[in-house]
Amino acid sequence: MELTKHAHACVTFTDGARTLLVDPGTFTPNAAELISAADAVLITHEHFDHFDEAALNAELERRPGLRVFGPESIRAKLGGRAEVVRKGDRFEAAGFEVATHGTTHAIIHADIPVIDNVGYLVEGRVFHPGDSYATPDAAVETLLLPTSGPWTKFGEAADFVRAVRPARVVQIHELMLSELGQNSARMLLGEKGLTGLPLENIPWGESITL
């Protein structure tokens with residue numbers, strides 16, 4: 001199985017001819033192209049940096065058989081053409097086994113309503129949390145760690161890694177960090193920092209084998 005990192009929170013899982021796409025949002029320049037190439041799509045929550053509503057609706061018009069999974073709000077925004085998932089669900093998407101963990105988006109501010117957020121554990125190994133540091137109720141080999149955004153905090157990110165105890169940590173949701181900010185994240189959260197694990201930064205479009 002290979003993981004390909006795209007802009008911000010978007011990744012694809014591939015195994016042979018099977019392609020599973022997670023969180024193609026408007027911060028991902030080639031989101032429409034990635035959606036067109038996917039066999040199934042997972043959406044963690046409705047925020048635009050994770051969910052390109054227009055691109056997904058266009059692809060569903062072209063290819064109504066495309067399976068899209070996400071919280072209830074995603075189905076509503078896609079005209080009922082998505083499958084609703086909640087914490088504790090287990091299902092197959094593009095031939096990959098997927099389990100869901102977590103219920104809500106991390107708090108940004110008391111004045112901003114909290115929305116649904118579902119994290120996805122793929123093949124019982126790789127966890128994409130969306131916008132949340134809620135610890136999954138399962139062992140995780142590779143953790144995709146969000147490091148930038150209005151809800152993130154390095155101290156909470158470090159505690160999240162410590163609670164999950166993965167063997168490998170890959171940075172996602174990094175688009176709001178400058179090069180200096182990403183270097184700071186590696187120092188604070190990486191092997192010589194608070195977690196004791198290397199924080200891997202994968203260039204957009206490149207892949208790692210899992």
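A few notes on this one:
- When all alpha carbon pairs of the chain are counted in 5 Å bins from zero, the resulting P(r) reads 1, 8, 17, 21, 22, 17, 9, 4, 1, 0 %.
- Extension gain, SER36-LYS153: 0.36 nm per intervening residue step, less the Cα-Cα distance, totals 38.7 nm.
- Value of relative contact order over the stretch 2-204, rounded to a whole percent, pairs C-alpha under 8 Å and six or more apart: 14
- Net lengthening on full extension, ALA139/ILE115 (0.36 nm per residue, minus Cα-Cα): 6.1 nm
- The simple spin-label model puts a point 7 Å past each Cα toward its Cβ; for GLN182 and LEU194 those points are separated by 2.1 nm.
- Within-14-Å neighbourhood charge of ALA76 [Cβ basis; K, R +1; D, E -1]: -2
- Sparsely packed GluC sites (Glu not before Pro) within the stretch 144-210, loop by DSSP, other Cβ within 10 Å at most 15: GLU191, GLU206
- As a rough guide to protection, the peptides 162-170, 21-29 ranked by mean Cβ packing within 10 Å, highest first, stand as 21-29, 162-170.
- Sorted from longest to shortest, the spans of the Cα atoms of the stretch 1-106 along the three principal axes equal 29, 28, 27 Å.
- For the chain, the longest principal axis of the Cα atoms and the long axis of helix 154-164 meet at an angle of about 80 degrees.
- Going from the residue with the fewest nearby Cβ atoms within 10 Å to the one with the most, TYR133, TYR120 rank TYR133, TYR120.
- Taking Cα atoms only, the orientation of helix 179-189 departs from the longest principal axis of the chain by about 70 degrees.
- Stretchable slack from GLU92 to SER73, in nm (0.36 nm times residue separation minus alpha-carbon distance): 4.8 nm
Every number in this text was worked out from the coordinates using simple rules, so none of it is lab data. Here the structure is a predicted model, which means the values were calculated and not measured. Neighbour counts are summed over all protein chains in view; Cβ atoms, including those assigned to glycine, are modelled from backbone coordinates with ideal geometry.
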